[in-house]
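Heads up: the structure comes next, in structure tokens.
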Amino acid sequence: MKQSSIYNMRCNRMKNPMGFNLGKPSFSWVTAAPGASVQTAARVVIAGDDQFENIVIDSGRCTDIDSLGYQPEIKLAPRTRYYWKVNVWTDRDELIESPVAWFETAKMNEAWSGEWITPDWEDKDVHPLLRKGFFLSKPVQSASIYISGLGLYHLEINGKRVSDEYFTPFCNAYDKWIQYQTFDVTDLLESGENAVGAMLGAGWYKGRFGFSNLGENIYGDTYALLCDLDIVYTDGSTEIIATDASWKAAAGPVQMSNIYDGEVYDANKKIEEWSSSSLDDADWAGVKKADIGFERLEARRSVPVRIMEELEPVKVIHTPKQEVVLDMGQNMVGWVRFKVNAPAGTEIFLQYGEEMQEGCFYRENLRSAKAEYHYVSDGKPTVVQPHFTFYGFRYVKIEGWPGDISTDDFTGCVIYSDMEPIGHIETSNPLVNQLFRNALWGQKGNFLDVPTDCPQRDERMGWTGDAQVFSGTACFNMDTDAFFHKFLYDLALEQKESGTVPHVVPTFTMGKGQKNGFLAGGSTAWGEAATVIPWNLYLHYADKRILDQQFDSMKGWVDYIQSQDAGDRLWNTGFHFGDWLALDGPDPFSPMGGTPNDLIATALYAYSADIVSKAAAVLGKEDEARTYAALGSEIKTSIQNEFFTPNGRLAVDTQTAYVLALFLDLMPQHFRGRVADSLKQKLEDNAVHLQTGFVGTPYICRVLSENGYNDIAYRLLLNDDFPSWLYAVKMGATTIWERWNSLLPDGKFGELGMNSLNHYAYGSIVEW
């Protein structure tokens, strides 16, 4: 018999979080106790030291401690590491003791010693290196660095990377908040001479990003760095090495970078040992203060983005056009790292794409995104990868390579936010298994700090509709609690300006803070991200923190809709995407589906009102629970009056209309059978094939199974011709497509203006 143990100890559902905005921290754990059924009592102890001599919290043995989300009343000090452990008693009177876990606070409300600095030169497009040499005359007990950079920073101390994280300080609404990170750098410091250095890139902050009408430099045009390196010596004294006028700047080897177009790196312009103490930086330029301020600075909420997996190329392809192309065997997100030994001046040119066409490299579906990497060799053998960009791809075209290309020289680096895998499905059907893998890979590729729509073309933004419909599947596949906490925090900040929920989060701004009108939001199903995602997180992880954090946002979305309904409890105004990319629209070339927007909008209005009512009840807000329950009931009554005949016929004869009516209980219960039969008939009229888009697809198999037609639900799943989930699988897909027919049966692309091969929304089938 296995030994009893306590594992998966998490603070805010993160393992040993350092420097995060913890709020009122929540503690969770899993108990493995063979033969036992339940936890009958628990004791949580939190201390300021790992020997538990300085006790901060001791709950004592309690019968009401929730192992899914225990929130003690605790006052946290800034820049402090706390240690915690748990005792659990089971229904077999067994006492189980946990190992020790920890969490560490950020600066919290403490002032910064450093100031924002930027290179003292005029050209704001030069990617800078910033550094500071310093001397340590005493032994160091501990050291932490608190840092932010604009747009992205790569940090080193004494020639070594400080962290294995990429894309810090991450993607958020920089006009509203700027994240800073905390890293323990004790082991990187040395007695005597030391140096700290940062390389800066454009990222989401500056340069080219967003829709073409947004222009460049959405949040700012100036590279900047801020850091405090806090050192505690063994004698108890302290010192802070902070960004100030004494730092130095030089142009770095990165000549260009942006998220869409890639990166240019000239190794001939590399400064050897640029972040080491041995470098003489007397000829480096100075720095000046950057006018950014501190009021937007907040401790991090983003979970780390790391190289989570590595893939080897499956083959080298020589195409009819004499191209040399690597096939990674999987549509992935990240980059290829390569080993090269080329003569000085050799330029190696990589281009990334998702699919081949007629045996040749192809990437017209990336629209204006160049998705390139240029490397200019300095004649020395080295290992190369980009610093400030990423690609969505399966295929890589290579030019300028010295000699024959071997797959051994290349490694696919798969990057995404660090989320623990928690769900796995395997069936006897290999096509269904591949479908599940495709949905998981779609999540990996698009959960890079924000839940993006796609990772490859000139978009890569946090579309709220995509995130909403996939959130249930996402929660089954991985522990996405902390990931979505950050995204929803950003959503709530963006929502404050008008009450409406943006189509994308972050929303991105134009010039001096003007919002792009189209992206400002207000569409049904997209705005439901404000209610559905936090409710899904609560259902999956049973932690009330997300409802507490988001309740005003959830309520604000419903209040916004109510302001649009003219008192009749119908939502029939404004722009809506509707049943996006459904196949039953009046115009076969339009992405708009055939289900009327007012039905969809009003149905989801009722859905959101019900969710807010339930969230209010969970939080003990009884008055609001009653208010929004009553509102939901009024909306359903209006739907029944507007869209149902007295005998229960739904006036809108589309698959999605029937799905919504059943999923959201929109009709009187005695008409449920008639609506279910109508859905069955509608499917049979279409040879039991899908016509649904973003709104209907997530729920269609669920309502069939719940209403006596499980056999039809499985038939939909197992269809392998267009339109179906397995059609893409049989066509060789390794991720979820944006369209049911992103590739035609002959293997050619369909519509090119909006056609991603890694677009996870239809992966929502996994939730069923």
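The values are calculated or read from the model by the stated rules, or taken from the named source; none is laboratory data. Note that the structure is a prediction, hence the values are computed from the model and not measured. Positions of Cβ are backbone-derived with ideal geometry, glycine not excepted, and every protein chain shown enters the neighbour counts. Quick note on the areas: whole protein, heavy atoms, side chains included, nothing else; ligands and nucleic acids left out. Shrake-Rupley method; radii C 1.70, N 1.55, O 1.52, S 1.80 Å.
Summary of computed values
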item	result
In region 210-238, the residues that are of a type in the set (Asp, Glu) and either closer than 29 Å to Asp184 by Cβ or open to solvent by less than 10 Å² (accessible area, probe 1.4 Å) (or both)	Asp228, Asp230, Asp235
Test: residue in region 215-222 that is at pLDDT 95 or above and closer than 30 Å to Leu136 by Cα	no
Gly19 vs. criteria open to solvent by less than 30 Å² (accessible area, probe 1.4 Å) and farther than 27 Å from Ile422 by Cα	no
Test: residue in region 113-125 that is of a type in the set (Val, Ile, Thr), assigned to a loop (DSSP other than H, G, I, E, B) and at pLDDT 95 or above	no
Positions within region 568-593 being buried (at least 17 other Cβ atoms within 10 Å of the Cβ), under 22 Å from Tyr760 (Cα atoms) and not acidic (Asp, Glu), in sequence order	His576, Phe577, Gly578, Trp580, Leu581, Ala582, Leu583, Gly585, Pro591, Met592, Gly593
Subset of region 482-515 that is of a type in the set (Gly, Ala, Ser) and at positive phi - its residue that is modelled with the highest pLDDT	Gly499
Selected residue [free of Cβ contacts under 8 Å to residues at least 60 places away in the same chain and not hydroxyl-bearing (Ser, Thr, Tyr)] from Asp164, Asp91	Asp91
Test: residue in region 251-267 that is open to solvent by 40 Å² or more (accessible area, probe 1.4 Å) and among the charged types (D, E, K, R)	no
Test: residue in region 345-352 that is outside any strand (DSSP E or B) and surrounded by fewer than 22 Cβ atoms within 10 Å (Cβ to Cβ)	yes
Within region 710-725, tally of residues that are open to solvent by less than 40 Å² (accessible area, probe 1.4 Å) and within 22 Å of Phe671 (Cβ to Cβ)	2
Residue count for region 36-72, restricted to those that are farther than 20 Å from Ala542 by Cβ, of a type outside the set (A, V, I, L, M) and open to solvent by 60 Å² or more (accessible area, probe 1.4 Å)	7
Residue match in region 94-112 (condition: within 22 Å of Asp184 (Cα to Cα) and in contact with a Ser or Thr (Cβ under 6 Å, 6 or more places away or on another chain))	yes
When residues of region 726-768 are limited to those that are within 24 Å of the chain's Cα centre (by Cα) and not in a loop (DSSP other than H, G, I, E, B), the one surrounded by the most Cβ atoms within 10 Å (Cβ to Cβ)	Tyr760
Helices (runs of 4 or more DSSP H) completely within region 656-722 that count 2 or more residues being under 31 Å from the mean Cα position of the chain (by Cα) and not hydroxyl-bearing (Ser, Thr, Tyr)	697-706, 710-718
Enumeration of residues in region 164-209 that are of a type outside the set (Phe, Trp, Tyr), closer than 20 Å to Ser417 by Cβ and open to solvent by 10 Å² or more (accessible area, probe 1.4 Å)	Asp164, Glu165
The listed residue being more than 34 Å from the chain's Cα centre (by Cα), open to solvent by less than 50 Å² (accessible area, probe 1.4 Å), closer than 21 Å to Lys555 by Cα and among the aliphatic types (A, V, I, L, M), out of Ala630, Ala603	Ala630
Pick from region 633-655, criterion in a helix (DSSP H, G or I) and hydroxyl-bearing (Ser, Thr, Tyr), ranking: surrounded by the fewest Cβ atoms within 10 Å (Cβ to Cβ)	Thr637
From the options Pro502, Pro451, Pro430, residue that is open to solvent by less than 10 Å² (accessible area, probe 1.4 Å) and farther than 24 Å from Met18 by Cα	Pro502
Considering residues of region 343-369 that are over 28 Å from the mean Cα position of the chain (by Cα) and polar (S, T, N, Q) only, the residue nearest to Trp401 (Cα to Cα)	Thr346
Residue in region 426-442 that is under 16 Å from Trp335 (Cβ atoms) and either out of contact with any Ser or Thr (no Cβ under 9 Å at 6 or more places or on another chain) or of a type in the set (S, T, N, Q) (or both) present	no
Sole exception among (1) touching a helix residue (DSSP H, G or I) at 6+ places or on another chain (Cβ under 8 Å); (2) more than 16 Å from Gln655 (Cα to Cα) for Val703, by number	(2)
Matching option when the condition is within 30 Å of Arg13 (Cα to Cα) and crowded, with 17+ Cβ neighbours inside 10 Å, among Ile241, Ile307	Ile307
Looking only at region 434-473, and only at residues there that are of a type in the set (Gly, Ala, Ser) and farther than 16 Å from Glu528 by Cα, the one that is farthest from the chain's Cα centre (by Cα)	Ala439
Residues satisfying the stated conditions in region 142-189, i.e. acidic (Asp, Glu), under 24 Å from the mean Cα position of the chain (by Cα) and either more than 24 Å from Thr222 (Cα to Cα) or not in a loop (DSSP other than H, G, I, E, B) (or both)	Asp164
Selection status of Lys138, part of a strand (DSSP E or B), open to solvent by 10 Å² or more (accessible area, probe 1.4 Å) and among the charged types (D, E, K, R)	no
